[in-house]
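Take a look at the structure set out below.
What follows draws every value from the coordinates through simple rules; no lab data is involved. None of these values were measured; they are calculated from a predicted model. A quick note on method: Cβ atoms are made from the backbone with ideal geometry, for glycine too, and the neighbour counts reach across all protein chains shown.
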Amino acid sequence: MADLLNTGLSSLRAAQLALSTAGHNIANVNTEGYSRQRATLETRLPQYVGEGFIGTGVNVATISRSFDKFLTQQVRSHTATQSQLDVQQGLTEQVDSLLSDGQASLAPLLQGVYDAMQAVAEAPAATAPRQTLLAQAQSLTDR
């Protein structure tokens, strides 16, 4: 008789937990970001008696969230990619600001080096264009 009461009691507890889970789902139906929960039931280990095995009731194995694993993985993947692209954009903007500003960037110094190289190419024997090239290159490396 005690086994029969324990079996009935385990089923009542499992049903109560399943109903509580359903009530929790209903209460949070309009909550943004909430994912439905589900109670998973499993049988208890049966008890051996002389004639065979007799069931001993039910347990709640787990309460799990229902969600789409594929979509969750896609969100994580795209979020990581977005973060990488944000970092890359920041670095690209720094390089762009180094090269694009007419006064404070490297562009005037690079242009000076190229002009000095052109002057050396036009008069390879002259020392003045070579000195100018060295001075322009030193200014570029100092910057």
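The value obtained for the range 32-143, namely the Cα convex hull volume divided by the number of residues, is 238 Å³ per residue.
Here residue 114 and residue 87 are evaluated by their C-beta separation; at R0 = 30 Å the FRET efficiency comes out at 0.40.
Between residue 41 and 61, the built amide H atoms are under 5 Å apart, and every one of these is 5 or more places off in sequence or on another chain.
Ranking 37, 124, 10 by Cα position along the charge dipole of the chain, where only Lys, Arg, Asp and Glu carry charges on their C-beta atoms, puts 10 farthest toward the positive end.
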